[in-house]
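Have a look at the structure below, then the notes.
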Amino acid sequence: MRLRPAVAAGLLAGLAACGAEQDDPSVGADDADLLTTAYPVTVLDDGDGAELCLGGVAESLPPQCSGPGVVGWDWTDHAGAFEDVRGTRWGDFVVTGSYDGETVTPTEVVPAADATQPEPPEDTLPAPGTGTSERELRRIQRALHDTPGFLTSGVSDQRVELGVVHDDGSLQQRLDERYGAGVVVVWSALQPVG
């Protein structure tokens, strides 16, 4: 499954950190742990609880997806910003909150219609052409499907692009050490609040 190029590029490059000062009283200790989708994503509830659709969304009616659960989601708080078909509710939102590895607990939710789109980040991808064969890239891609938080993967520009729910940079570092820099590029759907 492929992401729209603009979304993938935005997620891949991430948001530039604003570097809050330690002595700034407006910045709480917990702010460092907040993550955001940065771009609107689908929140969907088929009756089993709301989920954050960070990978692909099947374009059926109603749509289908899977992703981390959303703690405390109440559709009445989002009247007019979602659709409801045969008991499935969904809408597009920018969601900011904490992530415990399985669920997202929102601290701020902005409907897509009200969201300010961040400036597209500068392209920080390594130059194409790692020298790794297409066959080897496909083998690496298959091996990465068991990665915790796996969302999507593909081979493009002579590298493996791996999408995960969240990477704090440690996954990218491990993959660079294992396969070489630029062979696998990780993008994180949840980005630090910047």
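The values are calculated or read from the model by the stated rules, or taken from the named source; none is laboratory data. Note that the structure is a prediction, hence the values are computed from the model and not measured. FYI the Cβ positions are ideal-geometry reconstructions off the backbone, even for glycines, and counts take in every protein chain you see. The area values use the complete protein model at the heavy-atom level, side chains included, leaving out ligands, DNA and RNA. Shrake-Rupley method; radii C 1.70, N 1.55, O 1.52, S 1.80 Å.
Could you sort ARG86, ARG138, ARG159 by accessible area so the largest value comes first, with the probe set to 1.4 Å?
Output order, biggest surface exposure first: ARG86, ARG138, ARG159.
Along the principal axes of its C-alpha atoms, what lengths does the stretch 34-80 span, in descending order and rounded to whole Å?
Ordered largest first, the stretch 34-80 gives principal extents of 30, 23, 20 Å.
Taking the Cα atoms of the stretch 52-194 alone, what are Rg (to one decimal) and Dmax (as a whole number) in Å?
Rg and Dmax of the stretch 52-194, Cα atoms, are 17.5, 53 Å.
Between ASP157 and ASP48, what length in nm is gained on full extension when 0.36 nm per residue of separation is reduced by their alpha carbon distance?
Difference between extended and current length: 35.3 nm.
Between ARG142 and ASP176, how many nm apart are label points set 7 Å from Cα along the C-beta direction?
Going from the ARG142 label point to the ASP176 one covers 2.8 nm.
Report the full-extension gain for the segment ASP114 to THR88: residue separation times 0.36 nm, less the Cα-Cα distance, to one decimal in nm.
Residue separation times 0.36 nm, minus the Cα-Cα distance, leaves 7.1 nm.
Provide the FRET efficiency to the nearest 0.05 for the ASP168-VAL71 pair, computing r from the beta carbons and using R0 = 30 Å.
Between ASP168 and VAL71 the formula returns 0.90.
How big is the accessible area of ASP100 in square angstrom, nearest 10, if you roll a 1.4 angstrom probe over the protein chains?
110 Å²
If R₀ is 35 angstrom, what is the calculated FRET efficiency for the pair GLU102 and GLU59, using the beta carbon separation as r and rounding to 0.05?
E(calc), rounded to 0.05, equals 0.85.
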